[in-house]
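The values are calculated or read from the model by the stated rules, or taken from the named source; none is laboratory data. Just so we're clear, the structure is a prediction, and the values are computed from it rather than from any experiment. Every residue, glycine as well, gets a Cβ built from its backbone with ideal geometry; the counts of neighbours run over all protein chains shown. All accessible areas refer to the heavy atoms of the entire protein, side chains included, with ligands and DNA or RNA removed. Shrake-Rupley method; radii C 1.70, N 1.55, O 1.52, S 1.80 Å.
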Amino acid sequence: MYSLEVDPIEKCRYPMEEIMPIVSELAQKYTGCDHSSVTYEKAQMLMEAVVYCINEDGRQEGNALATKSIPAREAYENGRKIVKEKLMELRTLYHALISDFRDYGSMCLKDTVRKGIPAFLERYDFKYAPQETLLTLDYPAMRNYGALSGVDLVLCYLRDIQLEQKFLHRMGDKYIIKVLRKYHRDYEYLSENICGIVLQNVTGHMILDKPLPGQGFGQEELESLEEILSDKTEEQIKAYLLKALERLMAEYYDNDDRLLAYLGGGLSDIVTRIKYNTENHCLGQLFVL
């Protein structure tokens, strides 16, 4: 048996004397008896749950100042409601996504979306452990989620998968699978982001104003790409591609700003590879179809 004197992992704007009564009550509900029977590990979990919910309230737009002037208990209750609402949103989003979900042969993407997310929805405990993510999200998105955890992380992740699906659906299955196969003959077993692989190839189309899907890049087209890119820095190439991506969004994606921001965030690694392959005269390894 342990006391409830544990330290929160997340920072909290409220002093411990305001937080501990909430943790104590939560412990009693969790065990159905006096909190003195709670192990240290469970007490730590409950402390993190309380801090997570309090910070959830503070993270909401316009709530940061208000949270400072309301009691910790009110901030906790507000945050807990927000967590529950996000969980409901995640369920709704998942059911909408899965109805037309395509993994394009990627086993990692398939397992993460079809097995991992349902497992999270089944096991997630928004009352006593909202901070726990429960799954590793093995399929990598083109975004760094920082310190996000729990439903915040999974909801943000699934929104990004939704954006990837929107981008890829417009390209057509045959084009996508051909690009992936040319990228790696056994791409099905890679733990790589397939949207980024396709986007890399699409940048070649955007630079040359080449229709999608294409029939491959001929030698003259590769020479034109090298001529266009050879005198540009990485920063200039990225700015060039962002402008081209804006045109692509306007033509095919109804000027979707969220999709533009997500894809734009994935350009840095692509630009580095473009610069390297331009200098080594091997753009044909990047732009394959």
Read through the list (1) assigned to a helix (DSSP H, G or I); (2) touching a helix residue (DSSP H, G or I) at 6+ places or on another chain (Cβ under 6 Å), then give the number of the only condition that residue 135 fails.
(1)
Go over the candidates 118, 130, 140 one by one and state the one that is touching a residue at least 60 places away in the same chain (Cβ under 8 Å) and either in contact with an Asp or Glu (Cβ under 9 Å, 6 or more places away or on another chain) or over 19 Å from residue 288 (Cβ atoms) (or both).
130
Selection count where residues are of a type in the set (Ser, Thr, Tyr) and touching a His at 6+ places or on another chain (Cβ under 7 Å), scope segment 169-212
0
Of those in segment 92-116 that are open to solvent by less than 30 Å² (accessible area, probe 1.4 Å) and among the small types (Gly, Ala, Ser), the residue farthest from residue 140 (Cα to Cα) is 105
Members of segment 183-202 found to be assigned to a helix (DSSP H, G or I) and surrounded by fewer than 16 Cβ atoms within 10 Å (Cβ to Cβ), listed by number:
189
Scan segment 158-181 and tell me whether some residue there is of a type in the set (Asp, Glu) and either buried (at least 19 other Cβ atoms within 10 Å of the Cβ) or closer than 18 Å to residue 260 by Cα (or both).
yes
May I ask you to verify whether residue 89 is closer than 30 Å to residue 267 by Cβ and open to solvent by 10 Å² or more (accessible area, probe 1.4 Å)?
yes
Listed by first then second residue, the pairs whose first member lies in segment 75-88 and is closer than 21 Å to residue 121 by Cα and in the same structural domain as residue 121 (by TED's automatic domain parsing), whose partner is in a helix (DSSP H, G or I) and of a type in the set (Asp, Glu), with beta carbons under 8 Å and at least 6 positions apart or on separate chains, are 79/56; 79/57; 80/56; 82/56; 82/57; 83/56; 86/152
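Taking helices (runs of 4 or more DSSP H) that do not extend beyond segment 220-289, which have at least 3 residues that are in contact (Cβ under 8 Å) with a residue 60 or more places away in the chain and not hydroxyl-bearing (Ser, Thr, Tyr)?
257-265, 267-279
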Count of segment 1-27 residues which are at pLDDT below 90 and open to solvent by 60 Å² or more (accessible area, probe 1.4 Å):
9
Identify, from the list 235, 221, the residue that is open to solvent by 50 Å² or more (accessible area, probe 1.4 Å) and either among the aliphatic types (A, V, I, L, M) or touching a Lys or Arg at 6+ places or on another chain (Cβ under 9 Å) (or both).
221
Scan segment 196-210 and tell me whether some residue there is in contact with a helix residue (DSSP H, G or I) (Cβ under 8 Å, 6 or more places away or on another chain), within 29 Å of residue 107 (Cα to Cα), outside the structural domain of residue 98 (by TED's automatic domain parsing) and of a type in the set (Lys, Arg).
no
Hey, among 169, 205, which residue is modelled with pLDDT of 95 or more and in a helix (DSSP H, G or I)?
169
Which of (1) within 22 Å of residue 265 (Cα to Cα); (2) open to solvent by less than 40 Å² (accessible area, probe 1.4 Å); (3) not aliphatic (A, V, I, L, M) does residue 146 not meet, given it meets every other one?
(2)
